[in-house]
1. Taking helices (runs of 4 or more DSSP H) that fall entirely within region 256-363, which contain at least 3 residues that are under 25 Å from Pro244 (Cα atoms)?
2. Out of region 264-312, which residues are among the acidic types (Asp, Glu) and over 17 Å from Gln348 (Cα atoms)?
3. If Asp108 meets every condition in (1) at pLDDT 85 or above; (2) over 16 Å from Tyr212 (Cα atoms) apart from one, which number is that one?
4. Any chance region 156-175 includes a residue that's touching a strand residue (DSSP E or B) at 6+ places or on another chain (Cβ under 6 Å), touching a residue at least 12 places away in the same chain (Cβ under 8 Å), open to solvent by 60 Å² or more (accessible area, probe 1.4 Å) and farther than 20 Å from Glu102 by Cα?
5. Here is a check on your reading of the model: is Phe6 in contact with a strand residue (DSSP E or B) (Cβ under 7 Å, 6 or more places away or on another chain) and either among the basic types (Lys, Arg) or at pLDDT 80 or above (or both)?
6. Does Ser152 satisfy the criteria of being surrounded by fewer than 22 Cβ atoms within 10 Å (Cβ to Cβ) and either modelled with pLDDT of 95 or more or more than 30 Å from the chain's Cα centre (by Cα) (or both)?
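The values are calculated or read from the model by the stated rules, or taken from the named source; none is laboratory data. Bear in mind that the values here come from a model prediction, so they are computed numbers and not experimental data. Methodologically, a virtual Cβ is constructed for each residue, glycine included, from the backbone with ideal geometry; neighbour enumeration extends over all protein chains shown. Remember, those area values only see protein heavy atoms, side chains included, never the ligands or the DNA or RNA. Shrake-Rupley method; radii C 1.70, N 1.55, O 1.52, S 1.80 Å.
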Amino acid sequence: MSKPEFVDNRDGNTLGKALSAHLDWLAETYAKPVDLSIATGYFNPGGFAQIADHLDGIASIRLLLGAEPLSPPAIPIRDPMRDPKGARFNEKILNDKLNESEEGIRRDRNLLDFSPQVDKTVRHLLEFLSSGKVEVRRYERGFLHGKAYIFSTDEGVLAGSSNFTAAGLSSNLELNLGHYQPGLVTRVEDWFDSLWNEAVPYDLASIYQERYEEYDPYLIYLRVLWELYKDDMNAERQPSGRIPLTTFQNDGLLRALRILDQHNGVIVADGVGLGKTFIAGEMMRLVQENRQRVLLISSATLRDGTWERFQKRTQLRFENLSYEQLVQAGPQEGKPEEYELVVVDEAQAFRNPDTHRARALRL
């Protein structure tokens, strides 16, 4: 028998597992499918995915959404010049929160990964919402703070703090208690029914159906960039060290370091005047802090001009070979294994693999 009584999402004791196990037990125990009613302040496909494969034995599902109340510090102070008075001000706060909740659902939808697994989940959700077994409403007469998963008739209720989301069913520190006394379950059903009767139909499916509409090519291009570089954009920005970098240069440095760590090499190909010297200098400084050697390969003009001035200004310590010195030195000098970092300035000078300098660099 699977009748979960205490669920806190710790040590594998997740609400997703508890709901799945109880749904399976109900399907195996009763010939006639039961109904499921869910009250939640928030929803996302990740929560649905955790129990989706266990919903086949359910006769019908009622999903009641609502806006969760604001915590006291977040309650806005009424502006006497712009805001309405009394009950109308409270209604404004509620409407703002309902709009914010819907925008949150749309924002989360927009940030869903474009991966086969996520696409499968969203399509499964749309099939589920259009199956005829599901009805979705939203409670708009007040804030909805209660969360409950109710199995009728009198087959139990799991109630507590978990929203119907991926985090609510698996990772947030929650507390949900299971109750199976018929009298208590009936009272919870009556509570849900009273809210349900006051709620209004809500087209949740249309929000996720928009994912498959045609979009402007430029928006698709931006989304491709997001998929490629979202980890870089979300990474914590640490201030650079002694060499001053602009924000975009610091972003370039962080990304270059990640690529270097992954591939043991990186090409910094910013346009002229965007600070490639400073990015390379900061990479050198990081190596220098560990008392490791750095080799710079550049033209003689840059060696005796730009890099000499940069070295004096930043007090960096690195060895600098011109292209000609690299060719003359041969493999017996400047062995790459002796250096933690090798920087090649104006690397396009080595684009022809058949030149002496390109062969010397490979050695």
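1. The qualifying helices (runs of 4 or more DSSP H) are 276-289, 300-304, 306-314.
2. Across region 264-312, the qualifying residues are Glu282, Glu289, Asp304, Glu308.
3. Result: Asp108 passes all but (2).
4. Taking every residue of region 156-175 in turn, at least one turns out to be touching a strand residue (DSSP E or B) at 6+ places or on another chain (Cβ under 6 Å), touching a residue at least 12 places away in the same chain (Cβ under 8 Å), open to solvent by 60 Å² or more (accessible area, probe 1.4 Å) and farther than 20 Å from Glu102 by Cα.
5. Against the criterion (in contact with a strand residue (DSSP E or B) (Cβ under 7 Å, 6 or more places away or on another chain) and either among the basic types (Lys, Arg) or at pLDDT 80 or above (or both)), Phe6 qualifies.
6. Against the criterion (surrounded by fewer than 22 Cβ atoms within 10 Å (Cβ to Cβ) and either modelled with pLDDT of 95 or more or more than 30 Å from the chain's Cα centre (by Cα) (or both)), Ser152 qualifies.
One line per residue, one yes/no per condition, for (1) within 16 Å of Ala148 (Cα to Cα); (2) within 29 Å of the chain's Cα centre (by Cα):
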| position | (1), (2) |
| --- | --- |
| Asp11 | no, yes |
| Ala21 | no, yes |
| Asp24 | no, no |
| Leu36 | yes, no |
| Thr40 | yes, yes |
| His54 | no, yes |
| Ala67 | yes, yes |
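Rundown of residues vs (1) closer than 20 Å to Ile38 by Cβ; (2) in contact with a His (Cβ under 6 Å, 6 or more places away or on another chain); (3) among the β-branched types (Val, Ile, Thr); (4) surrounded by 10 or more Cβ atoms within 10 Å (Cβ to Cβ), yes/no style:
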| position | (1), (2), (3), (4) |
| --- | --- |
| His179 | yes, no, no, yes |
| Thr186 | yes, no, yes, yes |
| Ala199 | yes, no, no, yes |
| Tyr202 | yes, no, no, yes |
| Tyr208 | yes, no, no, yes |
| Glu213 | no, no, no, no |
| Tyr218 | no, no, no, no |
